[in-house]
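A.B. asks: The structure is given below, and queries will be raised subsequently.
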Amino acid sequence: MDDAQTPGTPLNRRDLADQDFLSATGIPRLEVVDSTGSTNADLLRSVTVEPAAWPDLSVLTAEYQTAARGRLDRHWDAPPLSSISVSVVLRPANAEGRPLPTQTYSWLSLVAALALRETLLETAGIPAELKWPNDVLVRGRKIAGILAQLGPMVDGSVPPVILGTGLNVTLGAADLPVPTATSVMLEDPSTVDRTVLLKSYLAKFAVLYRSFCNADGDPAAGMAGGTSLHKRVEAAMVTLGKQVRAQLPGDHEIIGHASRLDDYGSLLVVDRDSREHVVTAGDVVHLRPWTSPDASGQGGYA
């Protein structure tokens with residue numbers, strides 16, 4: 001393993017500020033802070049107060065977050081200097097500057113998940129898969145989560161998206177928030193250098209994001225480096241082909257076969273009566289594997 005960065009080593013701010021890197025990725029602004037409550041919350045405030053100062057692909061990353069939040073306002077925590085906590089301002093528009101339809105925004109977190117998976121595979125040398133709607137797994141354990149939040153509409157402009165990513169990097173087993181989590185360090189990686197991993201992720205995300213935007217947000221269009229976003233996400237998604245239990249608000253649930261993603265990135269689940277249900281990322285409370293009583297003799301979570 002590359003020991004250029006060991007646990008507790010700060011990000012290399014000079015490398016992150018390198019103009020060649022920023023120019024190549026199209027990142028107009030990259031800020032690093034020692035500590036904050038939440039990078040997503042900070043950017044949501046910033047794009048409201050001074051939107052012109054935070055153009056498309058502006059980045060905020062923190063060495064430590066004290067009030068990090070995931071989907072449905074779930075709290076998560078990690079020791080300082082142990083994770084990648086990064087948020088990006090997105091103002092999706094095509095090459096002519098025409099804003100993308102907001103119904104395409106549901107794919108943005110999947111673009112990020114795909115970029116992070118490629119980073120883990122190619123830069124850290126560890127296998128990774130996607131779990132719908134917003135998690136990245138390594139050998140079945142959660143290593144990262146992604147949260148997209150819609151920003152405010154200012155002066156009649158299209159609302160931006162704040163896309164936050166949290167990746168466990170140098171957490172030891174005792175530091176993990178839950179037993180079903182993992183970190184880069186625990187998976188026999190080729191590097192745990194958070195600066196290298198962050199730069200790789202941002203570079204890969206920028207390429208995929210620009211390709212998606214230039215296709216007017218069409219997930220069926222071919223993307224940079226190969227097949228469509230839709231096909232690339234489905235091929236990497238461990239959720240598909242499994243029996244799942246989708247817990248919805250109001251104690252509703254859907255149990256069935258996770259068959260595919262629709263054109264908006266929603267999960268299609270076919271129940272035992274062959275009815276197809278559309279489960280959206282904004283509605284689902286939990287999505288977990290399910291083993292039927294007939295199959296296991298017991299029933300319940302796989």
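The values are calculated or read from the model by the stated rules, or taken from the named source; none is laboratory data. Please read these numbers as outputs of a predicted model, since none were measured by experiment. Cβ placement follows ideal geometry from the backbone for every residue including glycine, while neighbour counts extend to all protein chains displayed. Ligands, DNA and RNA are excluded from the accessible area calculation, which covers all protein heavy atoms including side chains. Shrake-Rupley method; radii C 1.70, N 1.55, O 1.52, S 1.80 Å.
A.B. asks: May I ask you to evaluate 6.51 cos²θ - 1.76 cosθ + 1.60, the Karplus curve with θ = phi - 60°, for each residue of the stretch 199-215 and list the ³J(HN,Hα) values in order in whole Hz, giving x for glycine and proline?
C.D. replies: 4, 5, 4, 5, 5, 5, 4, 4, 5, 5, 5, 4, 5, 4, 5, 5, 8
A.B. asks: Select from P80, L57, A144 the residue farthest towards the positive end of the dipole of the stretch 32-144; place +1 on Cβ of Lys and Arg, -1 on Cβ of Asp and Glu, and compute about the Cα centre.
C.D. replies: In the stretch 32-144, that residue is A144.
A.B. asks: While we're looking at this one, here's another question. How large is the dipole of the stretch 146-277 about the Cα centre if only Lys and Arg carry +1 and Asp and Glu carry -1, each at its Cβ, rounded to the nearest 20 debye? It would help to have the intermediate numbers written out before the result.
C.D. replies: Numbers: 11 positive and 15 negative charges, 68 e Å.
It comes to approximately 320 debye.
A.B. asks: Would you work out if the stretch 60-195 is rounded, prolate or oblate? Take a ≥ b ≥ c from the square roots of the eigenvalues of the alpha-carbon gyration tensor; rounded if a/c is under 1.5, else prolate when a/b is larger than b/c, oblate otherwise.
C.D. replies: Prolate is the answer for the stretch 60-195, as a/c is 1.5 or above and a/b outweighs b/c.
A.B. asks: Work out the charge dipole of the chain with +1 on the Cβ of Lys and Arg and -1 on the Cβ of Asp and Glu about the Cα centre, then indicate which of G156, T66, A173 is farthest towards its positive end.
C.D. replies: Sorting the options by dipole projection puts first A173.
A.B. asks: Also, I was wondering about something else. For the stretch 19-27, take each phi angle, set θ = phi - 60°, evaluate the Karplus expression 6.51 cos²θ - 1.76 cosθ + 1.60, and give the result in whole Hz per residue in order, putting x for glycine and proline.
C.D. replies: So the Karplus estimates, Gly and Pro as x, are 5, 4, 5, 5, 5, 5, 8, x, 7 Hz.
A.B. asks: Oh, and also: Using the per-residue mean of other Cβ atoms lying within 10 Å as a proxy for protection, in what order, highest first, do the peptides 11-17, 188-194 fall?
C.D. replies: Working: 11-17: 14.6, 188-194: 19.9.
Highest-to-lowest ranking by the protection proxy: 188-194, 11-17.
A.B. asks: Obtain the radius of gyration and the Kirkwood radius of the chain from its C-alpha atoms and give Rg over Rh.
C.D. replies: 0.96
A.B. asks: Note down the magnitude of the dipole of the chain about its Cα centre, charges +1 on Lys and Arg C-beta and -1 on Asp and Glu C-beta and zero elsewhere, to the nearest 20 debye. Don't jump to the answer; show the numbers that get you there.
C.D. replies: Values: 26 positive and 35 negative charges, 55 e Å.
Here the chain has a charge dipole of around 260 debye.
A.B. asks: In the stretch 98-197, carbon and sulfur make up what percent of the accessible area (probe 1.4 Å)? The partial results should precede the final answer.
C.D. replies: Working: 1930 of 3630 Å².
So the carbon and sulfur contribution to the accessible surface is 53 percent.
A.B. asks: Follow-up. Is the stretch 147-302 rounded, prolate or oblate when judged by the Cα gyration tensor, a ≥ b ≥ c being the square roots of its eigenvalues, rounded requiring a/c under 1.5 and prolate requiring a/b larger than b/c? Don't skip to the end; give the middle numbers.
C.D. replies: Values: a/c = 1.74, a/b = 1.20, b/c = 1.45.
The shape class here is oblate.
A.B. asks: Okay, next question. Run lengths n ≥ 4 of DSSP H only: what is the helix-derived mean residue ellipticity at 222 nm for the chain, with -39500 (n - 2.57) per run over all residues, to the nearest 500?
C.D. replies: Working: 7 runs with 70 residues, N = 302.
Taking each H run of at least 4 residues, the total per residue is -7000 deg cm²/dmol.
A.B. asks: I've got another one for you. Counting only heavy atoms of protein chains, what accessible area per residue, in Å², does the chain have with a probe of 1.4 Å? The partial results should precede the final answer.
C.D. replies: Details: 13620 Å² over 302 residues.
For the chain, the solvent-accessible area averages 45 Å² per residue.
A.B. asks: In whole Hz, what ³J(HN,Hα) sequence does the stretch 229-239 give by Karplus (6.51, -1.76, 1.60; θ = phi - 60°), x for Gly and Pro?
C.D. replies: Working through the residues one at a time gives 4, 4, 5, 5, 5, 4, 5, 9, 9, 5, 5 Hz.
A.B. asks: Report, in debye and to the nearest 20, how large the dipole of the stretch 126-202 comes out about its Cα centre when Lys and Arg carry +1 and Asp and Glu carry -1 on their Cβ. List each step's numbers first, then the result.
C.D. replies: On the way: 6 positive and 7 negative charges, 18 e Å.
Its charge dipole is roughly 80 debye.
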